[in-house]
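Below is one structure, written out as structure tokens; comments come after it.
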Amino acid sequence: METGITKSKVILEIKNLNKSFGSNTVLKNFNLTLHEGENIAVLGKSGSGKSVLIKCIIGLLMPEKGEIWAFGDKNIPSLGLEELDIIRSKIGFLFQSNALYDSMTVRQNILFPLRRHWIEMDKDHEDLLVHETLQNVGLAHTAEMMPSELSGGMRKRIALARTLVLKPKIMLYDEPTTGLDPITSREISRLIVELQEKYKTSSIIISHDLNCVRITSDKVVMLIDGTCYALDTFDQLKQTKDPRIREFFEE
């Protein structure tokens, strides 16, 4: 991904994050800084802690130690439920499973975050918002359809649209191309970039799909042994001689 990004304001800073499950230490003094308008992908083996990391960021899991500073002044692990709810309205989370509500139409799914955060608007404004949001993902015609009527790629687009309806400042993607064919995976990866450029969001992308990582990322974190083992561009990491990194890029 070539955006010509320059260093800008820090929007998320993770400091010495530690998370364990029993005797299994998943994150160990993990550090990461995300700037405004930047996309960082996280690569790591299965079970290395990638999904645990973003669940800590959104407050679904609490670390034993460490800080997660969002927007400069909010340390997520220390927030109460009310403050955490406000922060979550500014952080979009695209679940690996999409997490669409099967009993709701696409329109109702799109509007659900507004209901969740008690945001009220009249029907005309809702109609415009739904149309704009679906148009952004190329699915303006699906508003009255049910999730069961959509293909896997379409459901992923709808889930992305729903996440973006609140115009979050930070986006977290948990394996956004899992279960999709290569063509659809590329389309979703390119859509992530298009929407990031349109909404000026900052993103952390968890993925084992190297094409997705290559297309979407400004920088790539290698999550090894619970630490930020390396941080560089996709191309630089691909050229490294470090065997622990090279194994991720071998055919």
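Overview of values
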| read-out | value |
| --- | --- |
| Fraction in percent of alpha-carbon pairs per bin - 10 Å, the range 115-155 | 25, 47, 27, 1 |
| Proximal charge balance of residue 157 [Cβ under 13 Å; K/R count +1, D/E count -1] | +2 |
| Leading residue at positive end of dipole, the chain (Cβ point charges), from 56, 185, 207 | 56 |
| Estimated dipole of the chain in Debye, rounded to 20 [Cβ of Lys and Arg +1, of Asp and Glu -1, Cα centre] | 500 |
| Those residues of the range 125-145 whose amide nitrogen sits under 17 Å from the label point placed on residue 167, 7 Å along Cα→Cβ | 125-137 |
| The range 74-142, Cα convex hull volume normalised per residue, Å³ | 124 |
| Loop-located GluC sites (Glu not before Pro) in the range 64-117, at most 15 other Cβ atoms within 10 Å (DSSP) | 64 |
| Estimated inter-spin distance, residue 82 and residue 244, nm [label 7 Å along Cα→Cβ] | 4.5 |
| Amide H contacts of residue 39 (H built 1.01 Å from N, under 5 Å, at least 5 apart or other chain) | 203, 218, 219 |
| Debye intensity ratio in log₁₀ form over the Cα atoms of the range 151-251, taken at each q of 0.12, 0.22, 0.24 Å⁻¹ | -0.42, -1.19, -1.33 |
| At R0 = 51 Å, FRET efficiency that the Cβ-Cβ distance of residue 104 and residue 233 yields, to 0.05 | 0.80 |
| Extension reserve of the residue 96-residue 124 stretch, reckoned as 0.36 nm per residue once the Cα distance is removed | 6.9 nm |
| Option label - Cα extents along the principal axes in Å computed here, alternatives (i) 50, 38, 33; (ii) 55, 43, 38; (iii) 68, 41, 35 | (ii) |
| Local net charge near residue 201, Cβ-Cβ under 12 Å (Lys/Arg +1, Asp/Glu -1) | +1 |
| Label-point separation in nm, residue 208 to residue 60, each point 7 Å along Cα→Cβ | 1.7 |
| Residue-averaged 222 nm ellipticity for the chain, from DSSP H runs of 4+ at -39500 (n - 2.57), nearest 500 | -10000 deg cm²/dmol |
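No lab work stands behind these numbers, since they all come straight from the coordinates. Only a predicted model underlies this, so the values are computations on that prediction, with no experimental measurement involved. Neighbour counts are summed over all protein chains in view; Cβ atoms, including those assigned to glycine, are modelled from backbone coordinates with ideal geometry.
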